[in-house]
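The values are calculated or read from the model by the stated rules, or taken from the named source; none is laboratory data. Predicted model, so just to flag it, every value in this text is computed and none were measured. Counting neighbours? That spans all protein chains shown, and the Cβs are built from the backbone with ideal geometry, glycine included.
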Amino acid sequence: MNTPAEIREILQKNQTFALFGHEYIDGDALGAILGLGRLLEKQGKTVSYFTPYEPSRVFSFLNWEKKVKTEFDYGKYDVLVFLDFNSYKRISAFTNGREEYFDPMQKVIIDHHKPELEPVNTVIYRDPEEISTCSLLYGLCSEWWLDLIDSEVATYLYMGLSTDSGNFRYDEGEQSVRVFQIAANLLKLGAQKKVIIDEIFRNKTYRSVQFMQLLLSRMQKVKFQLPFAEKETVNLIYSFYEDTELEQYVVDHDEADYGLYIMQDIRNNDLVVLFKKVGIYLKASLRSRGGVDCAALARSFGGGGHHNAAGFKIQGSGYLEKDIADSIKQIEQHLEQVMH
């Protein structure tokens with residue numbers, strides 16, 4: 001891993017930047033590209049913003065469409081910056097078959113995930129102990145350019161911190177101390193907390209609540225008996241949907257996850273999974289309260305993430321019921337191996 005000084009030198013000495021957020025961009029990645037991009041623009045840099053698919057309507061209050069593009073131009077940039085991811089596969093719509101463009105380019109990665117297949121010619125700064133890339137970015141930029149962090153930038157970074165922490169629900173111990181210190185500092189710098197709370201956590205559409213009702217009606221509970229494990233019983237709660245149902249209810253992927261948040265709050269659950277049939281793939285979002293390592297579980301499927309929140313994507317059989325049953329069986333086998 002490289003040092004903050006090395007990252008800063010590359011950002012300072014170059015002029016044109018392409019900033020990338022991963023596919024199905026979330027609040028942390030979107031906040032990171034908008035926040036860092038604005039700081040570079042304030043220094044006279046030329047910045048372009050890219051992500052493979054349109055951000056959720058949840059983030060429409062940011063007017064992101066004025067900046068963020070969903071088609072990459074393969075232009076002449078001095079530096080490509082990957083924020084909140086560290087593998088070509090997270091922007092595969094841009095990179096597949098175009099490695100000859102990306103490989104020689106100078107790249108910077110700033111991320112809080114464990115390393116995957118990291119590209120060549122890349123300077124990397126990561127901290128998997130950080131709860132979000134935006135909090136990691138704040139730590140760097142407050143040392144480099146504190147005087148440039150205005151209300152706009154602070155709001156972007158606060159959005160990433162609050163969304164990746166589940167609105168300050170996933171942090172624990174010393175991490176909680178740091179998270180709230182950063183949040184307090186961003187509020188002092190003018191972060192618009194009320195806007196973030198109202199637009200992201202409170203502003204649900206009628207159709208999205210109806211979709212939540214659909215997910216909860218499909219909710220099922222599975223109890224794994226692990227007689228030789230330290231924890232002999234693991235309670236799994238899951239639900240599912242198909243991407244065609246998003247069109248029927250006029251909701252997007254972020255709005256569809258509202259049901260996941262409700263399921264997380266059910267008493268005595270150890271693991272919550274929301275399965276999603278997306279084209280030929282089965283995707284899954286995993287959440288736990290600490291007893292199950294979601295990151296390790298996701299990696300067993302080829303995915304990744306964090307201890308309390310992770311996900312994976314696998315090719316499906318075409319039959320959602322079968323794919324879910326097979327995945328639940330693999331989850332049980334994984335838990336038997338790691339919890340004995």
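For segment 291-319, a tally of residues being crowded, with 20+ Cβ neighbours inside 10 Å and among the polar types (S, T, N, Q) returns 1. Among residues that are part of a helix (DSSP H, G or I), in contact with a helix residue (DSSP H, G or I) (Cβ under 9 Å, 6 or more places away or on another chain), touching a residue at least 40 places away in the same chain (Cβ under 8 Å) and over 26 Å from S60 (Cα atoms), I331 is included.
Taking the criterion of being among the charged types (D, E, K, R) and within 14 Å of M263 (Cβ to Cβ), the residues of segment 282-298 that qualify are R287, R289. If the condition is being within 22 Å of G35 (Cα to Cα) and not polar (S, T, N, Q), then segment 76-87 contributes Y77, D78, V79, L80, V81, F82, L83, D84, F85. Exactly one residue among K221, K194 is modelled with pLDDT of 95 or more and either part of a strand (DSSP E or B) or aromatic (F, W, Y) (or both), and that residue is K221. In this structure, does E9 turn out to be part of a helix (DSSP H, G or I), among the charged types (D, E, K, R), surrounded by fewer than 17 Cβ atoms within 10 Å (Cβ to Cβ) and in the same structural domain as W145 (by TED's automatic domain parsing)? Answer is yes for this residue. Only one entry of F85, F72 meets the criterion of being of a type outside the set (S, T, Y), without any contact (Cβ under 8 Å) to a residue 60 or more places away in the chain and buried (at least 20 other Cβ atoms within 10 Å of the Cβ), and that entry is F72. Taking the conditions (1) buried (at least 21 other Cβ atoms within 10 Å of the Cβ); (2) touching a residue at least 40 places away in the same chain (Cβ under 8 Å) in turn, K276 satisfies each one other than (2).
Report yes if some residue within segment 227-237 is among the aromatic types (F, W, Y) and either without any contact (Cβ under 8 Å) to a residue 12 or more places away in the chain or surrounded by 14 or more Cβ atoms within 10 Å (Cβ to Cβ) (or both); otherwise report no. Checking segment 227-237: not a single residue is among the aromatic types (F, W, Y) and either without any contact (Cβ under 8 Å) to a residue 12 or more places away in the chain or surrounded by 14 or more Cβ atoms within 10 Å (Cβ to Cβ) (or both).
Conditions tested, residue by residue: (1) closer than 22 Å to P55 by Cβ; (2) more than 22 Å from the chain's Cα centre (by Cα); (3) assigned to a helix (DSSP H, G or I).
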| residue | (1), (2), (3) |
| --- | --- |
| I237 | no, no, no |
| L246 | yes, no, yes |
| L260 | yes, no, yes |
| I266 | no, yes, no |
| V273 | no, no, no |
| R287 | yes, no, no |
| V292 | no, no, no |
| A296 | no, no, yes |
| G302 | no, no, no |
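Residue count for segment 132-165, restricted to those that are in a helix (DSSP H, G or I), surrounded by 24 or more Cβ atoms within 10 Å (Cβ to Cβ) and in contact with a helix residue (DSSP H, G or I) (Cβ under 7 Å, 6 or more places away or on another chain): 14. Listed conditions (1) small (G, A, S); (2) surrounded by fewer than 21 Cβ atoms within 10 Å (Cβ to Cβ); (3) farther than 21 Å from I25 by Cβ are all met by S288, apart from (2).
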